[in-house]
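Read the structure below first, then the notes.
The values are calculated or read from the model by the stated rules, or taken from the named source; none is laboratory data. Everything numeric here is computed off the predicted structure, so don't read it as measured data. No Cβ is skipped: glycine too gets one built from the backbone with ideal geometry, and neighbour counts run over all protein chains shown.
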Amino acid sequence: MNNWYLKEWATALLMCAAMMGTHPKASAQDYAHPDFDGAGKLKPEFIKQGKKLYANHCSGCHGIKGDGEGPAAYGLSPKPRDFSRAVFKFRSTDFGSIPTDADIERSIREGIPGTSMPSFRLFADNDIKALAQYIKVFDTTGKWKEAPIKVALDPEPQWMHDPVQWKTKASAGKVTFDQVCAVCHGAGGAGDGIGGQALVDNWLHPVKPADLRKPHDIGSGPSLEDAFRAITTGLYGSPMVGYGSSFDAEKRWELVAYIHFLRQSHKNPALSLPEISQSSSTETSTNSPENEFE
Ligand code: HEC
Ligand code: HEC
């Protein structure tokens, strides 16, 4: 009886050891891995797996205590995240809420464009999952006991793919942008607005408004959906608040259409928007000397 028990235990340990070693890229099936319990909580073995990976790949920046003060953090801007306060910028959840596991996994997998946070795309899915769980051990707030508050993220509207309609929507987006966003992001979206000059984040580190013309410098990711998510939920911990309750989804997609225009016209200054000339935008004429206004 005792022997049988020991043998089972030894096999389990061996399996664990095998999983902690290097292994080929896992398939999507690993999300239903038997070592995760029904609630998606990791068993202690996986915390162990996360700990090892974290020590090797993350602690240099995020610190062995998860406080963002790793030896390589010196001089980095933005600073590596301090995981002790459960404050996360990149989320599909309410401003102030903890992120979903999928949000954390996306940040680890894709990295944070425009910052020193690298992509770990080559890691196996269950390694990324273990890391996403492991960073929660540094929390001092108890917030991980709550459920994340998911926010509705409306899909990209059909009109975005209509060559005429998206520009009309972008013109509408420009009006909102000039009123609300330009103060920080600058009239041309370059991140040079007067109100964006001396901003700090929750840790009192300086933070600059994003240059919206450059999709590959956007922390949330380069796609229009990524921009929509950032505008909707905000970047908690930074002065970039969420506009999910100020503007309905249509208005937020209009803003995204305008960001799309800023990106396109950055590459092709001859590109113009309908009616935008009538709203006496001096900035458009300096940015796009080739504009033929109607
Ligand atoms: C070279 C330094 C560096 C390394 C190595 C690094 N990070 Fe980061 N990480 C950063 C920086 C800098 C940020 C903050 C980006 C920002 O504020 O826009 C960040 C942000 C994050 C975020 C996003 C937090 C949020 O606010 O949503 C997560 C999650 C994260 N890192 C996890 C990890 C994990 C896990 C590893 C190891 C597998 C790792 N990082 C390795 C520098 C690093
Ligand atoms: C108070 C100043 C301020 C205002 C107003 C503001 N932003 Fe921002 N925004 C920022 C800052 C600062 C960042 C960068 C935050 C960071 O990286 O931590 C940012 C980042 C962003 C990003 C990139 C997010 C990412 O994932 O990296 C987008 C998109 C954006 N803002 C769009 C908008 C839009 C659209 C509006 C108007 C509805 C707006 N912002 C209003 C300060 C502002």
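Across segment 82-112, the qualifying residues are those that are part of a loop (DSSP other than H, G, I, E, B) and charged (D, E, K, R), and the one among them that is farthest from ligand 1 (Cβ to nearest atom) is D94. Might you let me know whether segment 228-239 holds any residue that is more than 16 Å from ligand 1 (Cβ to nearest atom), over 23 Å from K79 (Cα atoms) and modelled with pLDDT of 95 or more? Yes, the conditions are met somewhere in segment 228-239.
Does at least one position in segment 184-196 carry a residue that is near ligand 2 (Cβ under 9 Å from one of its atoms), free of Cβ contacts under 8 Å to residues at least 24 places away in the same chain and assigned to a loop (DSSP other than H, G, I, E, B)? The answer is yes; a qualifying residue exists. Out of curiosity, is A172 surrounded by 15 or more Cβ atoms within 10 Å (Cβ to Cβ), of a type outside the set (D, E) and either assigned to a loop (DSSP other than H, G, I, E, B) or within 11 Å of ligand 2 (Cβ to nearest atom) (or both)? Spelling it out, it is not the case that A172 is surrounded by 15 or more Cβ atoms within 10 Å (Cβ to Cβ), of a type outside the set (D, E) and either assigned to a loop (DSSP other than H, G, I, E, B) or within 11 Å of ligand 2 (Cβ to nearest atom) (or both). Of all residues in segment 55-81, those being more than 10 Å from ligand 1 (Cβ to nearest atom) and under 21 Å from L204 (Cα atoms) number 7.
Candidates in segment 199-214 are the residues that are crowded, with 19+ Cβ neighbours inside 10 Å and in contact (Cβ under 8 Å) with a residue 60 or more places away in the chain; of these, the one that is farthest from S77 (Cα to Cα) is A210.
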